[in-house]
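Colleague: Before we start, here is the structure in question, set down as structure tokens.
The values are calculated or read from the model by the stated rules, or taken from the named source; none is laboratory data. If you're wondering where the values come from, they're calculated on a predicted model, not measured in any experiment. Here Cβ is always computed from backbone atoms with ideal geometry, including for glycine, and neighbour counts include all displayed protein chains.
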Ligand SMILES: Nc1nc2c(ncn2[C@@H]2O[C@H](COP(=O)(O)OP(=O)(O)OP(=O)(O)O)[C@@H](O)[C@H]2O)c(=O)[nH]1
Ligand SMILES: [Mg+2]
């Protein structure tokens, strides 16, 4: 599965991603690990620097990271869930002309992603600058292109992340862009197959706010699909097991116990356990809806 971050230059995408990695790569509960050594080193360094209050430099290219989503139990047992790509786009890419290869690349990602995180810088919510307003129109246009793909067979996750919360204007919902954002969210909320979240985040040397929930929300359909795939595989293996030849049955009879059936049952039980754990993590998110600077729509 793919998660795409969308936002103009300098809105805080790389900062969020480094902090999210710093927070999630802890090998406890649901967590992530970078699958490539070079990514792990680069992200560890970025996350450490952000914690010290040093922000990343401007992204020159698109970066695509591959992570393993996994669960580590209290006793240290680790279950691999699935791998996913996380795409950090160079902000300027959203303004490329449609026949430009970078624009084509971005639109391919908008077509493939199962989770989109749209970044907007709080300090520009009340801006009257024409360029900022154009950027906002462009972000809406690209978000709509993504949202249009959500349907019964293909539910999608969408997060609006308002970054640099420390700089949010008073009564931001009354500002021009803020009010338009609220209307836009109302409109998107009509689509029941688009699962939305809006959140504010502030990342600086003293605080790393709201990196976990946008991440968890972005994983929900990847998790559901993976679980369904595994259940289907398990059912197939079970039915192959019960349809085996008479020789297989005789073998089981003499061996007294059947390691293959034990393995299938254990893997079934583990999937159910992980499903319960993931759903209860999503439940915490629902319970806190409206608190801590975020809400679901
Ligand atoms: N106060 C505050 N400033 C932030 C925060 N996140 C980012 N910044 C500032 O915004 C700048 C840009 O952040 P980046 O994460 O590099 O932004 P980006 O979206 O990756 O930008 P491009 O790589 O140019 O597309 C940083 O250098 C910081 O000065 C935040 O949460 N709070
Ligand atoms: Mg960047």
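Colleague: Out of the residues in segment 174-196 meeting the condition of being in contact (Cβ under 8 Å) with a residue 60 or more places away in the chain and not in a helix (DSSP H, G or I), tell me which one is surrounded by the fewest Cβ atoms within 10 Å (Cβ to Cβ).
Modeller: Top of the filtered list is 189.
Colleague: Let me ask something additional. From 131, 141, 135, which residue is crowded, with 18+ Cβ neighbours inside 10 Å and more than 20 Å from the chain's Cα centre (by Cα)?
Modeller: Exactly one of 131, 141, 135 is crowded, with 18+ Cβ neighbours inside 10 Å and more than 20 Å from the chain's Cα centre (by Cα), namely 135.
Colleague: Do the conditions hold for residue 11, that is, is it more than 21 Å from residue 115 (Cβ to Cβ), surrounded by 15 or more Cβ atoms within 10 Å (Cβ to Cβ), within 13 Å of ligand 2 (Cβ to nearest atom) and in contact (Cβ under 8 Å) with a residue 12 or more places away in the chain?
Modeller: no
Colleague: Would you confirm, using the coordinates I've provided, whether residue 46 is part of a strand (DSSP E or B), surrounded by 16 or more Cβ atoms within 10 Å (Cβ to Cβ) and within 16 Å of ligand 2 (Cβ to nearest atom)?
Modeller: In short, no.
Colleague: Test residue 54 against the criterion of being surrounded by fewer than 15 Cβ atoms within 10 Å (Cβ to Cβ), within 11 Å of ligand 2 (Cβ to nearest atom) and either in a loop (DSSP other than H, G, I, E, B) or at pLDDT 95 or above (or both), and give yes or no.
Modeller: Against the criterion (surrounded by fewer than 15 Cβ atoms within 10 Å (Cβ to Cβ), within 11 Å of ligand 2 (Cβ to nearest atom) and either in a loop (DSSP other than H, G, I, E, B) or at pLDDT 95 or above (or both)), residue 54 does not qualify.
Colleague: Out of all the residues in segment 44-56, which are more than 13 Å from ligand 1 (Cβ to nearest atom) and closer than 20 Å to residue 212 by Cβ?
Modeller: Result: 44, 48.
Colleague: Out of (1) modelled with pLDDT under 95; (2) under 21 Å from residue 201 (Cα atoms); (3) within 20 Å of the chain's Cα centre (by Cα), what's the single condition that is false for residue 13?
Modeller: Result: residue 13 passes all but (1).
Colleague: Among residues belonging to segment 2-30 that are in a strand (DSSP E or B) and in contact with a strand residue (DSSP E or B) (Cβ under 6 Å, 6 or more places away or on another chain), point out the one that is nearest to ligand 1 (Cβ to nearest atom).
Modeller: Taking the candidates together, the pick is 5.
Colleague: Being within 16 Å of ligand 2 (Cβ to nearest atom), at pLDDT 95 or above and buried (at least 18 other Cβ atoms within 10 Å of the Cβ): is that true of residue 89 here?
Modeller: no
Colleague: I would also like to ask the following. Kindly check whether there is at least one residue in segment 149-170 that is free of Cβ contacts under 8 Å to residues at least 24 places away in the same chain and farther than 21 Å from residue 217 by Cβ.
Modeller: Checked against the condition, which is being free of Cβ contacts under 8 Å to residues at least 24 places away in the same chain and farther than 21 Å from residue 217 by Cβ, segment 149-170 yields at least one hit.
Colleague: Checking the structure you have, find out if any residue of segment 184-201 is modelled with pLDDT of 85 or more, farther than 25 Å from residue 111 by Cα and within 16 Å of ligand 1 (Cβ to nearest atom).
Modeller: Yes, that holds for at least one residue.
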